[in-house]
1. Return the long-range amide H neighbours of A:T68 (sequence gap of 5 or more, or a different chain), with a cut-off of under 5 Å between placed amide H atoms.
2. So for region A:6-128, what are the equivalent ellipsoid semi-axes in whole Å, largest first, each being the square root of 5 times an eigenvalue of the Cα gyration tensor?
3. How large are Rg and Dmax for region A:114-154 when only the alpha carbon atoms are used, in Å?
4. With unit charges on the beta carbon (Lys/Arg positive, Asp/Glu negative), name the residue among A:V96, B:I190, B:L166 whose Cα is farthest towards the positive pole of the charge dipole of the protein assembly as shown.
5. On the first, second and third principal axes, largest extent first, how far apart are the outermost C-alpha atoms of region B:80-233 in Å?
6. Where does each of B:E295, B:E56, B:E49 land when they are ranked from fewest to most other beta-carbon atoms within 10 angstrom?
7. Between B:A125, B:I95, B:T280, whose Cα lies farthest towards the positive end of the dipole of chain B when Lys and Arg beta carbons carry +1 and Asp and Glu beta carbons carry -1, centred on the Cα centre?
8. Could you give me D for region B:166-304, from Stokes-Einstein at 4 °C and 1.567 mPa s, where the hydrodynamic radius is the Kirkwood radius over C-alpha pairs? Units µm² s⁻¹, please.
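Taken together, the values in this text are just the output of simple stated rules run on the coordinates, not laboratory data. As the structure is a computational prediction, the values presented were derived from the model and not from experiment. All Cβ positions, even for glycine, are placed from backbone atoms using ideal geometry, and neighbour counts span all protein chains on display.
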Amino acid sequence: MQVKNLATKIFRPIIPEAEGRNMVIAGMIIVAIVLFMAIFADIISPYDPTKLAGKPLSPPSAQNLMGTDNLGRDVFSRVIYGSRIVLMVVFSASLVSMSIGVPIGLISGYFGGKLDRAISMIMDSMYAFPSLILAIAIAAVLGPSVVNAVVAISVVYVPTYFRMTRGQTLSLKSRLFVEAARAAGAGNLRIMRRYIFPNLVTTVIVVFSLSIADAILTEAGLSFLGFIVTAPTPDWGFDLSSGRPYLPSGYWWMITFPGAMVMILALGFALIGEGLSELYAPGRER
Amino acid sequence: MASLKAYIATRALLVIPTVIILLTLVFFILRILPGDPIASMVGQKVPPEVLEKLREEAGLNKPLIVQYVDYIFNIIHGDFGRSMIWGKRPVLSEIMDRFPATLELTIFGFIISVILGVITGSVAAFRRGSKLDASMRVYSIIAYSLFIPWFGMVLQMIFGVYFDILPIGGRISPGMEPERITSLYVLDSIITLNFKALSASLIHLFLPSLTLGIVLSGAYTRLVRNNLIDVLSQDYITAYRSRGVKNMKIVRHAMKNAFIPVITLMGLQFAILLAGAVLTETTFSWPGMGTFLLERIQYRDYNSVQGAIVFYALFVALISLVVDVIYALIDPRIRY
């Protein structure tokens, strides 16, 4: 039923769906470019991101495409290398929160009862708490490091996956095909694994890309506030904060480029997520 | 009306478990997570005796369960402990010095985001399927993806440095502060009819609240658009149309119904607004709660850090209660 619905959705070229597909494609191109930058940073970047590459604070030129920072390092090279930490942190954090949030949501929604109410209450409280502040609290206790940033960000996004999975499970478990499976003698574990979980996959993928977009902004925020890397490691959020003291003197290139990359990458994932939700969640958009 | 009162009372009682869960969460993060908060805040270079003394000062050397009971008990009594630096003032009064700045910023940011969201969303809904609709959608996704510090700094570079017409930081020009009544500078200067202070504080508020407002408006654009389209396609609107009711009147009816879900979003957005305010405050050197929290993390003032986070938790719980009550007042279906 779901699959057939989906197929008609994909193969029937009406305008909104074409728009959804275009959004996914545009997002994927952006993400692919950033991934390419991260993987081949050693080859693409013209200079070592941590070494002197020209006169300090020189504006963009043929030698330094995006200018140099206050220590004479090449901003372009730092922007390329800066993609590495953000991608690593955000991907691993999202995978961790997904693999915690989805099973808990599935079990909680499937069995219901007191346990479900207790877990839901905890998750809802966490969800209500401002995510960046939660991440700051965790990062401050654990101390600034890349691994701790992954921990902090993954904790923050567990409730997102939990709520979505739980909600879907609640509506799926009363559907006819689940009842049929139960009548045929399938156990709880089998029903969850074989009948409910496959129907969650598309939603999980949509939520994954949307929450990655959000997680990128959280990572950049933490990094901007100094909770992820220390000098001289290049990271967009961190580089943006290093450029901040030079803003009043008009050295715009130290700020514009690393910050714009944060937006572009977040935009890439947001486009994928929005486009997918348009393609796979009929009725949400008209 | 009796049922409304009952609803509000039930909802108010339900805040208690939420608050306790949030407080426990904060306790868990600050005291049970692996890693010694004091050590990781102070760094490795401090002799063990000093660490021990700091731990004692923060009450971290007692058994966990005693710490937990003390912690909850003190918060119920409004005792957030004393700051561990400088004058060792009570944390709560330090927070009260900083909170109005955040409140002022978030209120203005909130107003701007709602206004922008309603305008863009309605334009998209009434011109559904047009180029304008598509560009509003692009606007909402881009607004959502903006990185607050970067966007704020871009505005600073344009209006503060290049055109040099707006200040790039601070809450008001030094010495211009209005008499303190509510500590919300805009409100205070209106009450005291101090127009110099009013214009100075509005000028300082403009860029930070615009930054916050634009970034958060994207979510409203989508919601307003989708709700309006929903409502506009309903039978009673068609009935109005067929009877020749004027467009403006239809819009008024449609808007009212389209707004109910928007209010729920406002509640959720408030948490995002507070998180966004941390970054906005840092970007614009705004002396609010966010900069307070970060500054105290840097000074390793454990009690203040805990106090600030607890305060955020309480504030979020309060806002969700207020939103639910507003919701019940507007939508009669919600009462039970």
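1. A:L57, A:S58, A:V75
2. Values: eigenvalues 373, 120, 28 Å².
Each semi-axis is the square root of five times an eigenvalue, giving 43, 25, 12 Å.
3. 12.4, 38
4. Value: A:V96.
5. Between the extreme Cα coordinates on each principal axis of region B:80-233 lie 60, 40, 32 Å.
6. Neighbour counts put them in this order, fewest first: B:E49, B:E56, B:E295.
7. B:A125
8. Answer from the Stokes-Einstein relation: 71 µm²/s.
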